[in-house]
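Step one of this worksheet: look at the structure below.
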Amino acid sequence: MFAPFKSKKTFFTLAVVIIVVLNLYTFSVAYPTMNKPLNLGGADLPRDFSVYYIASWRMVHNPSQIFNTQALNDGEPGIYPPITPYKYLPSFLVEISPLLSLSYYQAFWIFDAIMFILLPIMAFLLYKLLENKHPAIALVVLVAVLLVPYPMPGRGLSVSYFMSWAEGQAKIFVTFFLLLSFHLGYRGKPGMSGVAFALGAFDPRFAVLALPLFVFYNRGNLRCAGAVMVIGLVTLNAVVFYPGTAGGFIGMVFGTGTTTPLYTPAWIPATMLACLFAVNARQMVDELKKTVTCTRKQGESAVI
């Protein structure tokens, strides 16, 4: 399979370049939508990034209103169309708050550019996590995660990535931080793995889904990784204790938060998690059996 190439590394480098270029095509299809209100299906729609930008401004200036969908007459930026509910943990607002130094559209372009730059880094993380797997499996995973091939007219080669670029959606950041956490745990750096997981846990749904993999990759140092992750989550989300913020957060969780479907950008982290579960399934089952056996033996020894 690798005869024309000097090494496996060369083969995968070329594969990643091709995948990123193909994704660049999808980015170019989305680009004309990036300097004006997003119009899909004949209607102007609020971008996800506009929600993040306003919510981040409110976190700095008026934290109790982070989860409010009404426009406020308190000096906040005015963005058309009106925003929809903010549905993440406040930690994400901390992460993107430096973008507030830019105007809305400047911040939006930088946000998308950063996400695109993350693609080859995500490829490297996947490559390292799959270094002991069959090359064909690794290649399939790279294509599935970094391209999510699902072409549609006017949406490029991937509707998931098109909507990520056009909406300024955050699911690429979720995917990156979770991959980084798994990689750091795999490399025996549990503390840093916990920090990365805390940074990527702003979408609680994917944080919960990713926990078994977090445990698996940190199985030798789980106490350290888990403790740092919990401390990171509490620290990054400290603003939730500001008067009025917790009420807004709880109202969102039990209102629109629990009923939000998995829109196409969510297929990116979902595909990544599904692939890593699939390629590690046997090892994860073996580790679970080992843990159950050890626990049972310890229980029997305690009884005796």
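FYI, it's all coordinate maths here, none of it is from the lab. Quick caveat, the model's predicted, so the values are computed rather than measured. Neighbour counts run over all protein chains shown; Cβ positions are idealised from the backbone, glycine included.
Of note:
- Dipole axis of the chain (+1 Lys, Arg; -1 Asp, Glu on Cβ), positive-most option in GLY255, PHE202, LEU184: LEU184
- Taking the Cα centre of the chain as origin and assigning +1 to Lys and Arg Cβ atoms and -1 to Asp and Glu Cβ atoms, the resulting dipole is close to 1160 debye.
- Within straight-line cross-link reach of LYS290, lysines at Cα separation under 27 Å, skipping those fewer than 8 residues along the same chain: LYS128, LYS133, LYS189
- For the chain, the relative contact order comes to 22 percent (Cα pairs under 8 Å, sequence separation of at least 6).
- Proximal aspartates and glutamates to LYS87, defined as alpha-carbon separation beneath 16 angstrom and excluding residues fewer than eight positions away on the same chain: ASP48, GLU95, GLU167, ASP203
- Answer label for Rg/Rh (Cα atoms, Kirkwood Rh) (calculated), chosen among (1) 1.18; (2) 1.01; (3) 1.05: (2)
- Region 155-304: relative contact order as a whole-number percent, Cα under 8 Å and 6+ apart: 27 percent
- Kyte-Doolittle mean at least -0.5 and Cα axial length at least 30 Å: DSSP H helices in the chain: 8-30, 104-129, 267-303
- The packing ranking, built from the mean of other Cβ atoms within 10 Å per residue, places the peptides 154-166, 210-222 in the order 154-166, 210-222, highest first.
- Per residue, the average separation of C-alpha pairs within less than 8 Å and at least 6 apart gives region 170-236 a relative contact order of 39 percent.
- Taking the average, over residues, of other Cβ atoms within 10 Å as the packing measure, peptides 197-203, 15-21 rank 197-203, 15-21 from highest down.
- Mean residue ellipticity (222 nm) of the chain, computed from DSSP H runs ≥ 4 via -39,500 (n - 2.57), nearest 500: -21000 deg cm²/dmol
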